[in-house]
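Below is one structure, written out as structure tokens; the observations come after it.
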Amino acid sequence: MDAALEPCSTFLVRHAWLALRGVVAEALVQHDLSVAQFASLRMLDESPGLSVADVARKVSTARQSANEILGGLERAGLVERRPNPSDRRSQQIFLTEAGRVRLGEAMPTVEAVEARLAAGFTPEELAVVNAWLVRMTEAATGGGEEIPAL
């Protein structure tokens with residue numbers, strides 16, 4: 001095959017992400033969450049007490065966008081901001097009990113979508129894809145977990 005006609009991994013990943021994001025977004029509607037809100041809840045569940053800047057880095061968005069996402073979650077009673085005891089200028093974000101419940105209800109929905117989409121793959125194929133994605137992310141970020149926001 002002519003090298004110019006071979007698929008470009010960058011664009012294949014982008015197209016896959018956009019397609020997956022759309023399907024997950026449709027599924028999350030029943031939980032009154034956007035994909036970004038769901039991702040933020042997951043990050044806060046994994047790492048309680050993150051700052052707005054930390055959430056922005058972890059969900060690959062601008063700080064202002066993360067602040068808007070977190071503001072919506074806060075108005076819905078799913079997260080709360082607390083003063084950072086080691087930095088008076090910043091706040092830490094925590095899930096509320098309602099946030100933990102909403103995330104717990106949404107997780108099986110997202111997992112079911114992923115399972116349905118992955119149904120045609122063997123466990124070995126999925127392991128290779130996941131390993132490739134992790135290694136590509138590590139290579140792109142220099143080993144860090146955060147992906148720069150575009």
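The values are calculated or read from the model by the stated rules, or taken from the named source; none is laboratory data. Keep in mind that what you see is a predicted model, and the values were worked out from it rather than measured. Here Cβ is always computed from backbone atoms with ideal geometry, including for glycine, and neighbour counts include all displayed protein chains. Quick note on the areas: whole protein, heavy atoms, side chains included, nothing else; ligands and nucleic acids left out. Shrake-Rupley method; radii C 1.70, N 1.55, O 1.52, S 1.80 Å.
Computed from the C-beta positions of ARG116 and ARG63 and an R0 of 22 Å, the FRET efficiency is 0.05 to the nearest 0.05.
Taking a quarter of the surface of the convex hull around the Cα atoms of the stretch 62-106, what do you get in nm²?
Values: hull surface 14.7 nm².
One quarter of the hull surface, i.e. the mean projection, equals 3.7 nm².
Proximity of backbone amide H atoms, modeled 1.01 Å from N, is registered between VAL79 and GLU74, THR96 at under 5 Å, excluding neighbours fewer than 5 places apart on the same chain. Under 5 Å from the amide H of SER60 lie the amide H atoms of ILE147, each residue being 5 or more positions distant or on a separate chain, with H modelled from the backbone and absent for Pro and chain starts. For the chain, a crude dipole built from +1 on the beta carbon of Lys and Arg and -1 on the beta carbon of Asp and Glu, taken about the Cα centre, is about 600 debye to the nearest 20. Its DSSP H runs of at least 4 residues, each contributing -39,500 (n - 2.57), put the calculated 222 nm mean residue ellipticity of the chain at -20000 deg cm²/dmol, to the nearest 500.
Just to be sure I understand the curve: with the Debye formula and one point per C-alpha of the stretch 46-125, what is log10 I(q)/I(0) at q = 0.10 Å⁻¹? Values returned for q = 0.10 Å⁻¹ are -0.34. For the stretch 44-56, backbone phi angles converted through the Karplus equation (6.51, -1.76, 1.60; θ = phi - 60°) give residue-by-residue couplings of 6, 5, 6, 9, x, x, 5, 7, 4, 4, 5, 4, 4 Hz, Gly and Pro being listed as x. Compute the relative contact order of the chain as a whole-number percentage, counting only Cα pairs closer than 8 Å that sit 6 or more residues apart in sequence. That works out to 24 percent. Under 5 Å between amide hydrogens, built in the peptide plane, is the criterion, and for GLN92 it picks out ARG82, ASN84 among residues at least 5 positions away or on other chains. Each label point was placed 7 Å from the Cα along the Cα-to-Cβ direction; for ARG89 and GLU125 their separation is 5.1 nm.
With respect to the chain, whose longest principal axis is taken over its alpha-carbon atoms, helix 63-75 is tilted by about 60°. Per residue, the Cα convex hull of the chain amounts to 140 Å³.
If I compute solvent accessible area with a 1.4 Å probe over the protein chains, what percent of it on the chain is carbon and sulfur? Intermediate values should be presented prior to the final figure.
Values: 5620 of 10030 Å².
That fraction is 56 percent.
Any idea of the accessible area per residue across the chain, 1.4 Å probe, to the nearest Å²?
Numbers: 10030 Å² over 150 residues.
Per residue, the chain has an accessible area of 67 Å².
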